[in-house]
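Q: Structure incoming, see below.
The numbers here are math on the coordinates, done by the rules we state, and not lab data. The structure presented is a predicted model; accordingly, all values stated were derived computationally and were not measured. Here Cβ is always computed from backbone atoms with ideal geometry, including for glycine, and neighbour counts include all displayed protein chains.
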Amino acid sequence: MRYADDVADPVASVSGGTYSDGTILTVTLSCATPGSEIYYTTDGTAPVYRETGEVLSGTLYTEPIIITKSTELLYVAFAGGMNPSDIWYEEYIIGEDNRYARGDCNGDGDINASDLTYLKLYFVGRDGYYKNAAMDCNRDNRIDIADMSYMKRYLVRKPGFVLGDTV
């Protein structure tokens, strides 16, 4: 639930996803809150800030971000005297880099019950659990409760079931 003293959530012009080898993405970040500033990282860590709004890590967004290789982009918006936005996450997988195979939500290289737990904790808004392309288990370009159903079916699957198959 958002309140009047919350900064609006920032938006990336290009959604995370899998792109063909050699793709060059130009990502712009924007926020509807007047006077807001956006801080981002491209190494998979979240921008760190104090409750006072002092930013301890992250880069101030001032120009489009050029993405030429697989990148995890996390970003957050601040405005004086207001609560910061939520931290948002986009993962861009370029070419054959499959660090996060579909369903490997926590990125540990295996698809198992801990990935289902990661997905559940993301849905309940637990700090430290960020959206990534691997969470789109049913390949509909959304991360929603249907992905949990696919993950459960995968974990108790009959031989031959692959994440993304039609249920």
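Q: For a quick protection proxy, order the peptides 69-80, 143-154 by their average other-Cβ count within 10 Å, most packed first. Can you show the working numbers first?
A: Numbers: 69-80: 20.8, 143-154: 17.2.
Order by mean packing, descending: 69-80, 143-154.
Q: Stick to Cα atoms and the Kirkwood definition of Rh, then tell me Rg/Rh for segment 39-93.
A: Numbers: Rg = 11.6 Å, Rh = 11.8 Å.
Radius of gyration relative to Kirkwood radius: 0.99.
Q: May I pose another question? Dimensions of segment 1-97 along principal axes (Cα, Å, largest first)?
A: Projected onto its principal axes, the Cα set of segment 1-97 covers 43, 25, 23 Å.
Q: Now for a different question. So how much slack lies between Asp9 and Ala113, counting 0.36 nm per residue of separation and subtracting their Cα-Cα distance, in nm?
A: 34.4 nm
Q: So how much slack lies between Arg153 and Lys120, counting 0.36 nm per residue of separation and subtracting their Cα-Cα distance, in nm?
A: Details: separation 33, 0.36 × 33 = 11.88 nm, distance 1.48 nm.
Gain on stretching Arg153 to Lys120: 10.4 nm.
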